[in-house]
Amino acid sequence: MENVIEIRGIVRNFQLGQETVYVLKGIDLDIPRGEYVAIMGPSGSGKSTLMNLLGCLDTPTSGTYNLNGNDVSKMTDNELAEIRNREIGFVFQTFNLLPRTTALDNVALPMIYAGTSKKDRIARAEEVLTNVGLADRMDHKPNQLSGGQRQRVAVGRALVNKPSIILADEPTGNLDSKTSIEIMNLFDEIHAAGNTVIVVTHEEEVAARAHRVIRLRDGMIESDQKNT
């Protein structure tokens, strides 16, 4: 099976005044296309930094990162923004929706950057919102939706450009347990449809849904195991 992600020797340091903080200390990681992976680790383990690198929100201090055949470790900010929009769908804990904009327009937003025509944007956004169970909420604004419905809009927005990877950062962090289960069921469906899903979480029950769990500690991979 081909890898959608190949990381070799990834190091990420940050300068704090005179001090160098070593966050990631040489990570090697392959993620095959269509896999469902959870990344776990205590605070300060480097999981947020790793997610920012995987999501092309940041570049490594050293090492290489191949995403879908593109070496992104040496790209400019503009090139990163372009590949991010094309290859990665993000789902955040805080939803990150535009408050004065309808569910439909929130979902359609990434397609504007991708240069999709308005007619195609609306058709695709309607299709995606129907798929995430919000066919009757397309004209609602975020403040007219429950937390779970807002996260469904965010998931729809992540899916809309048909990215290589869905990258979710604590996607159930702001949801009650019943709604969390609904959202995780939705991720199961997304994965079953053939998407590569990477979830960063500190919740064991969320990680249990994934097929593979990678645990970080002190900037290194402590364990990498398949869920049975």
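The values are calculated or read from the model by the stated rules, or taken from the named source; none is laboratory data. These figures come from a predicted structure and were not determined experimentally. Glycine gets a Cβ as well: all are built from the backbone with ideal geometry, and neighbour counts include every protein chain shown. Remember, those area values only see protein heavy atoms, side chains included, never the ligands or the DNA or RNA. Shrake-Rupley method; radii C 1.70, N 1.55, O 1.52, S 1.80 Å.
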Return the calculated 222 nm mean residue ellipticity for the chain, to the nearest 500 deg cm²/dmol, obtained by summing -39500 (n - 2.57) across DSSP H runs with n ≥ 4 and dividing by the residue count.
-10000 deg cm²/dmol
Whole-Hz Karplus couplings 3J(HN,Hα) for region 168-173, θ = phi - 60° and coefficients 6.51, -1.76, 1.60, Gly and Pro as x, run 10, 9, 6, x, 10, x
Name the long-range amide H neighbours of residue 217: under 5 Å, sequence gap of 5 or more, or other chain; modelled H, no Pro or chain starts.
222
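Mind checking the per residue accessible area of the chain for me, 1.4 Å probe, whole number of Å²? It would help to have the intermediate numbers written out before the result.
Numbers: 11100 Å² over 228 residues.
On a per-residue basis, the chain sits at 49 Å².
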Go through region 88-123 and name the trypsin sites (Lys or Arg not before Pro) that are in a DSSP coil and have 10 or fewer other Cβ atoms within 10 Å of their Cβ.
100
Estimated inter-spin distance, residue 100 and residue 61, nm [label 7 Å along Cα→Cβ]
4.3
Which aspartates and glutamates, on any chain, are close to residue 118 with Cα under 18 Å apart, when same-chain ones fewer than 8 places away are left out?
105, 126, 127, 139
Based on alpha-carbon positions alone, could you give the equivalent ellipsoid semi-axes of region 5-70 from the gyration tensor, as √(5λ), descending, whole Å?
22, 14, 9
Is region 155-200 rounded, prolate or oblate when judged by the Cα gyration tensor, a ≥ b ≥ c being the square roots of its eigenvalues, rounded requiring a/c under 1.5 and prolate requiring a/b larger than b/c?
prolate
Residue 211 and residue 71 label points (each 7 Å along its Cα→Cβ direction) are spaced in nm at 3.0
Amide H to amide H, which residues 5 or more places from residue 4 or on other chains are under 5 Å from it, using H placed in the peptide plane?
31, 33
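Under the rule a/c < 1.5 gives rounded, and otherwise a/b versus b/c splits prolate from oblate, where does region 96-194 land using the Cα gyration tensor?
oblate
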Region 1-38: GluC sites (Glu not before Pro) in DSSP loop, at most 12 other beta carbons within 10 Å:
2
With DSSP loop assignment and no more than 16 other C-beta atoms within 10 Å, the trypsin sites (Lys or Arg not before Pro) in region 21-78 are 33, 74
For residue 89, other-chain or 5+-apart residues with amide H closer than 5 Å (H placed, Pro excluded) are 165, 166, 167
Where a label projected 7 Å from the Cα of residue 1 along Cα→Cβ would reach, residues of region 123-165 with amide N under 16 Å:
164-165
Can you pull the one-decimal nm distance between simple spin-label points at residue 176 and residue 220, each 7 Å off the Cα toward Cβ?
4.4
For the chain, the convex hull over Cα atoms projects on average to an area in nm² of 13.0
Counting pairs of alpha carbon atoms under 8 Å apart in space and at least six apart in sequence, what relative contact order in percent does the chain give?
28
Are any of the pairs 162/226; 47/74; 47/141; 74/119; 25/162; 119/162 more than 24 Å apart by Cα-Cα distance, and if so, which?
162/226; 47/141; 74/119; 25/162
In vacuo Debye sum over C-alpha of region 49-116, base-10 log of normalised intensity I(q)/I(0) at q = 0.14, 0.17, 0.20, 0.22 Å⁻¹, listed in q order, is -0.50, -0.70, -0.88, -1.00
So how much slack lies between residue 109 and residue 13, counting 0.36 nm per residue of separation and subtracting their Cα-Cα distance, in nm?
31.2 nm
So for region 1-119, averaging the separation of alpha carbon pairs under 8 Å that are six or more residues apart and normalising by length, what relative contact order in percent results?
24
Contact order normalised by length for region 123-228, with contacts defined as Cα pairs under 8 Å and 6 or more residues apart; what percent is it?
20
Among DSSP beta bridges lying fully in region 74-228, give the percent that are antiparallel, nearest 5.
40
